[in-house]
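This report concerns only the one structure given below.
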Amino acid sequence: MTGRPFTRRGFLGISVAAVAGAGLSACTGAAPAGGGGSAPAPTTNELRVFTYEGEETIDLFKAEIAKFDAQAGTKTAVNSLPGSGAAVYPDKLKTELLGGSGPDVWRIWGGQIGAPFVKAKQALDLGPSYQKFGWDGRINTAAIEGMTFDGVKGGVPFISLGIGGWYNKAIFEKAGVSTPPASYAELEEANEKILAAGTTPLATAGKYGWHIMRLFEYLLETSSGPELHDKLLIGEETSDRPEVVTAFTNFKKWQDKKWIPEGALGLDPADIEPTYVQGKTAYTITGPWTEAQAIQTAKKDSADFGVFQLPTDQSQVRHSGFVEGYMVNAKSGNQEKAAELIDYLVKPETQKALKISASTVKGAEPDQKTAPLAYEWSQGPGQQPFYTIQDQAFPKQQADQYFAIQSDLLQGKITPEEAAKKMQDVVSAWANK
C-alpha cells in the first residue's frame, strides 16, 4: 500500500443495550436465519438501518430517511450506536447478524473492518445493483475499490476521508505559533509554546483505542517513511526494529511532556475531540467531518479555525485515510428496497443535505461557501496519497491487541522496545495466516 487505492478498513446517541432491546427484530425486513445465498422473497415494506451517526448529524440522517420512505412507500427504523467506533460497532453488528435478525442496511468502514461481513456472505454482493443504478459512473472508482473484497462489491462507499490537524487559530496566536508547523521539529516546538501559554496542545483520547491511535500512526509514518510503513502494516517487514521503537518512544514522550490531556487513556473521544473548538485544547487529529460536527454545531465561524497536513519530514507527505459505505444484509427480506435506499443516500442532493464533507459521489463535493475548511482540505492535502488508517488496516482482533500495546506503553507497563516486539507478534501472527 502506497498512495494507490487500498482494498482493505464513529460518532454516535443510544446505548448498546437500547439497540439490543426488544422489538428491533420486529422492525427489520430480515428473513429468518439459515438458507443459502439466494434472495428471499420480499416479506415486508419495513426496513432497518444500523449506523453510527453522532448526535450532531442523526437528525439530518433521519430526515432524509423519512423523505425516502415517503416516496418509496417504506417504513424505515434507524438505530445508531455512536462514539465507540470500530472498537465496538462491528462486534455488535456481527452479534445481530449471527442471531439472524440483523439490519437490512448498515454503515461500515472498508478494509479489514468491512471485509469479514463479505467473506462470511452476510453482506449481499451488490454487483447487480451497481449495474442497475449506475453506481460505477457516479462514485469515485478508488473508493469503490476500498469496498470491494476478492472481486465482490460488498458495499457502496459514500465517504473517503483523510486525517489531518484541525486547530484553533486564537490558541495558536496566543502561543506565538504564527503558522502551522511544517516539520516534526516545528510541531514539537509548537506543542511546547502552546503548553507554556496554558493550553493542552493535542485533543486526543484513549478510550476504545482508535482515537489516540491517530497520533501513533502519524509518528510511525514520520519515523519509518511511506515504503516501510506500508510493509509494516501487512507484515512484510518486522516491527521489532529501530523505526518502530522510535515511534513508540515519541508516543510516550507526547504523554510525558503533557502534550495530550492528563489521563488521556480513560477519556472518551466524543468528549475530548471537540475541545479544540471550545478553546480547551489547541488542535486535534481528525477528518473534515469536524467542521460540521464540531465547529458549526457549536455555532462557531470556520474562519477562526484552520486545517493542516501533519508534517512527516518525508519526501512524499501522506496522511491516514479510509472509506465508509453501506452494505445490504444478504438475508434481508426486502433487498430491492434496501438497495433503493442506498441509491437514494448516494444521490448528490442527499449527500449535500447530509452535509457529507468528503463525499465519494460526483457532484457532492464540499461547498466552499458552507464548508470552507473541508473544501480547503479537499483541494489541498485531500489530493495527496494516504496510508490505510491502522484500525482499518488490521482485522478487529489484531487492532484490539494493538490498542492494548498502546495502553500498556503509556501506562509504563512496557518499554518502547518491548512494545515493538509485541507489535511484531501481533502482526506476524495475522500475516502468517
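The values are calculated or read from the model by the stated rules, or taken from the named source; none is laboratory data. Given the structure is predicted, the values throughout are model-derived calculations rather than measurements. Note that each Cβ is placed from the backbone with ideal geometry, even for glycine, and that neighbours are counted across all protein chains shown.
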Report task. Could you please tell me which pairs satisfy a Cβ distance under 7 Å, a separation of 6+ or placement on different chains, a first residue in the stretch 353-374 that is of a type in the set (Val, Ile, Thr), and a second residue that is part of a helix (DSSP H, G or I) and at pLDDT below 90? Result -> Thr360/Ala143
Query - Identity of the residue in the stretch 335-355, in contact with a helix residue (DSSP H, G or I) (Cβ under 8 Å, 6 or more places away or on another chain) and in a loop (DSSP other than H, G, I, E, B), that ends up farthest from Tyr130 (Cα to Cα) - result: Lys355
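Matching residues to (1) modelled with pLDDT under 95; (2) closer than 20 Å to Pro288 by Cβ; (3) touching a Phe, Trp or Tyr at 6+ places or on another chain (Cβ under 9 Å); (4) of a type in the set (S, T, N, Q):
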{"residue": "Phe322", "(1), (2), (3), (4)": "yes, yes, yes, no"}
{"residue": "Val328", "(1), (2), (3), (4)": "no, no, yes, no"}
{"residue": "Gln335", "(1), (2), (3), (4)": "no, no, no, yes"}
{"residue": "Lys396", "(1), (2), (3), (4)": "yes, no, no, no"}
{"residue": "Tyr402", "(1), (2), (3), (4)": "no, no, yes, no"}
{"residue": "Ala429", "(1), (2), (3), (4)": "yes, no, no, no"}
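On the given criteria, is Trp377 touching a strand residue (DSSP E or B) at 6+ places or on another chain (Cβ under 8 Å) and assigned to a helix (DSSP H, G or I)?
Numbers: touching a strand residue (DSSP E or B) at 6+ places or on another chain (Cβ under 8 Å): yes; assigned to a helix (DSSP H, G or I): yes.
Against the criterion (touching a strand residue (DSSP E or B) at 6+ places or on another chain (Cβ under 8 Å) and assigned to a helix (DSSP H, G or I)), Trp377 qualifies.
Here is a yes/no grid of residues against (1) within 21 Å of the chain's Cα centre (by Cα); (2) among the aliphatic types (A, V, I, L, M); (3) buried (at least 23 other Cβ atoms within 10 Å of the Cβ):
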{"site": "Gly206", "(1), (2), (3)": "yes, no, yes"}
{"site": "Ser224", "(1), (2), (3)": "no, no, yes"}
{"site": "Thr238", "(1), (2), (3)": "no, no, no"}
{"site": "Lys253", "(1), (2), (3)": "no, no, no"}
Report task. Could you please find all residues in the stretch 301-313 being touching a helix residue (DSSP H, G or I) at 6+ places or on another chain (Cβ under 6 Å) and either part of a helix (DSSP H, G or I) or of a type in the set (Lys, Arg) (or both)? Result -> Ser302, Asp304
Report task. Examine the stretch 275-282 for a residue that is in contact with a Pro (Cβ under 9 Å, 6 or more places away or on another chain), surrounded by fewer than 23 Cβ atoms within 10 Å (Cβ to Cβ) and over 10 Å from Ala203 (Cβ atoms), and state whether such a residue exists. Result -> no
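May I ask you to verify whether Val156 is farther than 30 Å from Thr200 by Cα, of a type in the set (Val, Ile, Thr) and surrounded by 18 or more Cβ atoms within 10 Å (Cβ to Cβ)? Full working, then the answer.
On the way: farther than 30 Å from Thr200 by Cα: yes; of a type in the set (Val, Ile, Thr): yes; surrounded by 18 or more Cβ atoms within 10 Å (Cβ to Cβ): yes.
Yes, satisfied.
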Report summary line: Inside the stretch 29-67, the number of residues satisfying the requirement of being within 17 Å of Asp104 (Cα to Cα) and at pLDDT below 95 is 19
Requested in this report: Filter the stretch 116-150 down to residues that are among the small types (Gly, Ala, Ser), crowded, with 17+ Cβ neighbours inside 10 Å and modelled with pLDDT of 90 or more, then give me how many there are.
Outcome: 2
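If you take the residues of the stretch 68-89 that are polar (S, T, N, Q) and under 30 Å from Ile212 (Cα atoms), which of them is modelled with the lowest pLDDT?
First, the residues of the stretch 68-89 that are polar (S, T, N, Q): 71, 74, 76, 79-80, 84.
After this cut, where a residue has to be under 30 Å from Ile212 (Cα atoms) as well, the list is 79-80, 84.
On the way: Asn79: 95, Ser80: 94, Ser84: 60.
Residue satisfying both the conditions and the ranking: Ser84.
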Report summary line: How many residues of the stretch 175-224 are more than 24 Å from Asp391 (Cα to Cα) and aliphatic (A, V, I, L, M)? The answer is 10
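Going through the stretch 314-334 one residue at a time, which ones are closer than 30 Å to Gln278 by Cα and not in a strand (DSSP E or B)? Don't jump to the end; show me each part of the working.
So in the stretch 314-334, the residues closer than 30 Å to Gln278 by Cα come out as 317-324.
Residues satisfying the conditions are Val317, Arg318.
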Query raised in the report: What about Lys92, is it within 22 Å of the chain's Cα centre (by Cα), among the charged types (D, E, K, R) and at pLDDT below 95?
Result: yes
Query raised in the report: When you look at Ala270, is it closer than 21 Å to Lys355 by Cβ and surrounded by fewer than 23 Cβ atoms within 10 Å (Cβ to Cβ), yes or no?
Result: yes
**Report entry** Checklist (1) closer than 19 Å to Thr141 by Cβ; (2) at pLDDT below 90; (3) surrounded by fewer than 20 Cβ atoms within 10 Å (Cβ to Cβ) applied to Ala358, failing item
**Finding:** (3)
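Look at Gly176 and say whether it is at positive phi and part of a loop (DSSP other than H, G, I, E, B). Before you say what the answer is, go through the steps one by one.
On the way: at positive phi: yes; part of a loop (DSSP other than H, G, I, E, B): yes.
When the stated conditions are applied, Gly176 passes them.
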